[in-house]
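Enquirer: There's a structure below that I have some questions on.
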Amino acid sequence: EPPAAFSFTSLSWGSYLALVADTIISFGLALQKYAHNRMQQKTGEQTLSLRVSLREPSWVLGTILLIAAESGNFMAYGDAMTPAAVVASLGCVSVIANWIISCVFLKEGFRWCDVSGVLVVVLGVIAIIFFVPSAGENEAGFIPCPLL
């Protein structure tokens, strides 16, 4: 029997969770970068201690977002219907979102060579999602997250 045609409705919850988690990771990293820039302007120091960082609310919020989102990625690997190759490749969403956030919110500058890199990454992820075999019915079911 030929494989079913791809559609976004055929993606399982693990894929969607990985997409959301990787996007949240980008916002967490952006908050941390914003906090580092702000602390550097205040103190004039290039490197700052953990003690100084912990006093900056945006850095703490960024760290909390990173931890929560990475936990989401960990849970996405527990979905037996989402191949690990798909969850791992969806990590590029974080790279793409970081690029957009750094250009728009952190004002880090736009480069056309970045656009070509992002396009190559997107094409690679699309290829992986389309061509990775899906989990069969007689494979193992849901593997619960040991943290929950």
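Enquirer: So which residues in the stretch 54-84 are part of a loop (DSSP other than H, G, I, E, B) and over 19 Å from Ala35 (Cα atoms), if there are any at all?
Expert: Residues satisfying the conditions are Tyr77, Gly78, Asp79, Ala80, Met81, Thr82, Pro83.
Enquirer: Let me ask something else. Does the stretch 121-137 contain any residue that is modelled with pLDDT under 80, assigned to a loop (DSSP other than H, G, I, E, B), small (Gly, Ala, Ser) and exposed (fewer than 11 other Cβ atoms within 10 Å of the Cβ)?
Expert: Yes - at least one qualifying residue is present in the stretch 121-137.
Enquirer: What are the residues in the stretch 59-79 that are open to solvent by less than 20 Å² (accessible area, probe 1.4 Å) and without any contact (Cβ under 8 Å) to a residue 40 or more places away in the chain, if any?
Expert: Gly62
Enquirer: Quick test of your reading of the structure: Phe6 fulfils all but one of (1) in a loop (DSSP other than H, G, I, E, B); (2) modelled with pLDDT of 85 or more. Name the failing condition by number.
Expert: With respect to (1) in a loop (DSSP other than H, G, I, E, B); (2) modelled with pLDDT of 85 or more, Phe6 is out only on (2).
Enquirer: For Ile100, only one of the following conditions fails: (1) open to solvent by 20 Å² or more (accessible area, probe 1.4 Å); (2) farther than 23 Å from Ile129 by Cβ. What is its number?
Expert: The single condition Ile100 does not satisfy is (2).
Enquirer: Also, I was wondering about something else. Condition test on Val93, is it part of a helix (DSSP H, G or I), β-branched (Val, Ile, Thr) and touching a residue at least 60 places away in the same chain (Cβ under 8 Å)?
Expert: Judged against the criteria, Val93 is a match.
Enquirer: Let me ask you something else. State all residues of the stretch 49-58 that are open to solvent by 40 Å² or more (accessible area, probe 1.4 Å) and more than 19 Å from Ile24 (Cβ to Cβ); if no residue qualifies, say none.
Expert: The answer is Ser49, Leu50, Arg51, Val52, Leu54, Arg55.
The values are calculated or read from the model by the stated rules, or taken from the named source; none is laboratory data. The shown structure was predicted, so the numbers you read here are calculated from the model rather than taken from an experiment. Every residue, glycine among them, receives a Cβ derived from its backbone with ideal geometry; neighbour counts consider all protein chains shown. Ligands, DNA and RNA are excluded from the accessible area calculation, which covers all protein heavy atoms including side chains. Shrake-Rupley method; radii C 1.70, N 1.55, O 1.52, S 1.80 Å.
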